[in-house]
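Participant: Would you mind keeping the following structure in view while I ask a few things?
The values are calculated or read from the model by the stated rules, or taken from the named source; none is laboratory data. These numbers were taken from a predicted model, which means no experiment stands behind them. Using ideal geometry, Cβ is built from the backbone for each residue, glycine included, and neighbour counts are taken over all protein chains shown.
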Amino acid sequence: MPTFSARFLQAAILGGLPVGAADRGAESGGWPGDRRWSQRRVLRYSIRLRCSIRLRCCPHSPEPVKQTLHSATLDNGIVLLGEDLPGLESVAVAFHTPAGAIHDGPSRCGLATLSGEMMLRGAGDRTSREIVEVLEGSGIQWAQSVSTSHSSFAGAMVARQLPTALPIYADILRRPRLPDDELDNALQMVLQNLAGTEDDPAHRAMSALRQLHYPHPLGMPSEGISADVEAIGVDDVRSFVRAHVVPRGMIIAVAGRIDWDDFVTRVEALFGDWDTDDASAVAIGSRGERVRFVPHDSQQTHIALAWSVPPYRHDDSYEASASLSVLGGGSSSRLFSEVRERRGLCYSVSAGYHTLRDCASAICYSGTSAARAQETLDVMLAEIDRLPGTIEEAELDRVKSRAKSALVMQQESSAARAAWIARQWYHLGTVRSLADELARYDQLNVASVEGWLAANRPAGLTIVSLGKEPLEVPREVSA
């Protein structure tokens, strides 16, 4: 489906989106009758947080950063989040429904993605084409995506177009047509996307890693599996949407030049009378094998590694993500310097932090030649083993500067902020202020990171290699 930027599409994803040190950094509905009555009935609570801070990572900034956050909950369980960004002329809104790939079910991997595609093919009184014409005719840049936990529908626009966008998204979420005659076209869209990813060996390696490392079905690919997608019927889609596109568990986040009270009133008028059964819980199974070789006839070999670390909701996640940034986050990292620059073993190498709500992983990747793949793996493992006890102050300072700069620069993007506050609510049940986030990075020091590493040395690695020949993996590494 049309999207306006890969960055926004990525930002719209909740459950499978990495939250690493640098990432913390993808027609008017009319006016409701009585705003005061509406708010009394539907709001369980409303929080406004104002903070004024001067950022250490921007010492020459003449003005402190001011932040106004809002939250409210409708009676049907929909959480509303907002952030005022008065310096912007834009606004971004994202609707995150608890209809992620985790609910696909056996032999139906890709059902959430196909359902999201079908929901856009006509809703309410509008056909698929009419939806596109209204959105694009209003200059609304829109996206739809699926993660492990959520199906997301999002849009960015000049602020005055928000009243036009909200009724359209309400129709998509509450009144999708899901027509029989659109299923084949939607299937082809999903299958073509799958064909593209299946031609990407790096993607295949990382997908295999997630499937093995996370307990089933947490690691299943949200884009689907071709054989499963081909077997999905329109009744499967309708059942999925009815069961999982529900108000309880939905997050609606808005950021930019907003009128919060007006936004709440409009959303309550569009969604307040929506009431369905709660989605059923998902049974979590076991993990896969620790080591897997994926045959691929190529001169390249792709190596992917993972081990468990605390999820983002855990305070220790800051130490974990900082240590991973030292290891493989950027051109000054250990892996980049040693594996790529000094030894010339590969063309790509990195490490990062990937979190779901209840579990998280350290993930490393390298793309190299078949001839140098074994040495690349050996050096990567050596650098991982060498990390505890060797972190230097300058390395950690660079990590903290990148993370804090990324947080500050988020304030210039309504889409990034809408995604950020939704992510935080999903993971934490609250939205931390920018001041709080920056303070957490300021509190990081070598002693705290090293203390965490000493108690949590990388162990029990999951290792995937994709290429011509399997690689030798020391038994103790994956034990």
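Participant: Residues in region 158-171 that are over 16 Å from Q141 (Cβ atoms) and of a type in the set (V, I, T): how many? Lay out the reasoning, then the answer.
Facilitator: Of the residues in region 158-171, the ones over 16 Å from Q141 (Cβ atoms) are 163, 167, 170-171.
Still in the running and of a type in the set (V, I, T): none.
Looking only at that region, the number is 0.
Participant: What do you reckon, is Y426 in contact with a strand residue (DSSP E or B) (Cβ under 8 Å, 6 or more places away or on another chain), in a helix (DSSP H, G or I) and not basic (K, R)?
Facilitator: Here the answer is yes, as Y426 does meet what is asked.
Participant: Please work out which one of (1) in contact with a strand residue (DSSP E or B) (Cβ under 6 Å, 6 or more places away or on another chain); (2) surrounded by fewer than 21 Cβ atoms within 10 Å (Cβ to Cβ) is the condition A362 fails and give its number.
Facilitator: Every condition holds for A362 apart from (2).
Participant: Filter region 300-328 down to residues that are at pLDDT 95 or above and surrounded by fewer than 17 Cβ atoms within 10 Å (Cβ to Cβ) and give me whichever is nearest to S350 (Cα to Cα). Step through it out loud before you land on a result.
Facilitator: Within region 300-328, the subset at pLDDT 95 or above is 300-314, 316-328.
Still in the list and also surrounded by fewer than 17 Cβ atoms within 10 Å (Cβ to Cβ): 313-314, 316.
Values: R313: 24, H314: 23, D316: 21 Å.
Among those residues, the one meeting the criterion is D316.
Participant: Within region 62-115, can you find the residues that are in a loop (DSSP other than H, G, I, E, B) and farther than 30 Å from T265 by Cβ?
Facilitator: Keep residues of region 62-115 that are in a loop (DSSP other than H, G, I, E, B), which gives 62-64, 74-78, 85-89, 98-100, 104-110.
Hits for region 62-115 are P62, E63, P64, D104, G105, P106, S107, R108, C109, G110.
Participant: Please find, among I102, I47, the residue that is within 21 Å of P247 (Cα to Cα) and at pLDDT below 95.
Facilitator: Details: I102 fails: at pLDDT below 95.
Residue meeting the stated conditions: I47.
Participant: Of the residues A186, A143, A156, A195, which single one is buried (at least 19 other Cβ atoms within 10 Å of the Cβ), small (G, A, S) and farther than 15 Å from L120 by Cβ? Before you say what the answer is, go through the steps one by one.
Facilitator: Details: A186 fails: farther than 15 Å from L120 by Cβ; A143 fails: farther than 15 Å from L120 by Cβ; A195 fails: buried (at least 19 other Cβ atoms within 10 Å of the Cβ).
None of the others qualify; the one that does is A156.
Participant: Also, I was wondering about something else. Determine which single condition A306 fails, assuming it passes every other condition in (1) under 25 Å from the mean Cα position of the chain (by Cα); (2) in a helix (DSSP H, G or I); (3) closer than 25 Å to E476 by Cα.
Facilitator: (2)
Participant: Right, next: Look through region 262-283, keep the residues that are surrounded by fewer than 16 Cβ atoms within 10 Å (Cβ to Cβ) and modelled with pLDDT of 95 or more, and return whichever of them is nearest to V158 (Cα to Cα).
Facilitator: If we filter region 262-283 for residues that are surrounded by fewer than 16 Cβ atoms within 10 Å (Cβ to Cβ), which is where we start, we get 262, 273, 275-278, 280-283.
Subset that is modelled with pLDDT of 95 or more: 262, 273.
On the way: D262: 16, D273: 28 Å.
The extreme case among them is D262.
Participant: Output yes when any residue across region 140-159 is farther than 16 Å from F240 by Cβ, part of a loop (DSSP other than H, G, I, E, B) and in the same structural domain as A255 (by TED's automatic domain parsing), and no when none is.
Facilitator: yes
Participant: How many of the residues in region 218-248 are touching a Cys at 6+ places or on another chain (Cβ under 6 Å) and either within 18 Å of N185 (Cβ to Cβ) or at pLDDT below 95 (or both)? Walk me through it before giving the result.
Facilitator: Quick first cut of region 218-248, residues touching a Cys at 6+ places or on another chain (Cβ under 6 Å) only: 220, 224-225, 228.
In the following step, the residues that additionally are either within 18 Å of N185 (Cβ to Cβ) or at pLDDT below 95 (or both) were identified as 224.
Counting residues in region 218-248 that are touching a Cys at 6+ places or on another chain (Cβ under 6 Å) and either within 18 Å of N185 (Cβ to Cβ) or at pLDDT below 95 (or both) gives 1.
Participant: I'd like to verify a number: residues in region 121-137 that are in a loop (DSSP other than H, G, I, E, B) and surrounded by fewer than 20 Cβ atoms within 10 Å (Cβ to Cβ), how many?
Facilitator: So the count comes out to 3.
Participant: Return yes when A418 is out of contact with any strand residue (DSSP E or B) (no Cβ under 7 Å at 6 or more places or on another chain) and surrounded by 21 or more Cβ atoms within 10 Å (Cβ to Cβ) and no when it is not.
Facilitator: no
Participant: For region 405-428, what are the residues that are at pLDDT 95 or above, of a type in the set (D, E, K, R) and farther than 18 Å from T355 by Cβ?
Facilitator: If the condition is that a residue be at pLDDT 95 or above, of a type in the set (D, E, K, R) and farther than 18 Å from T355 by Cβ, then R417 is the only one that fits.
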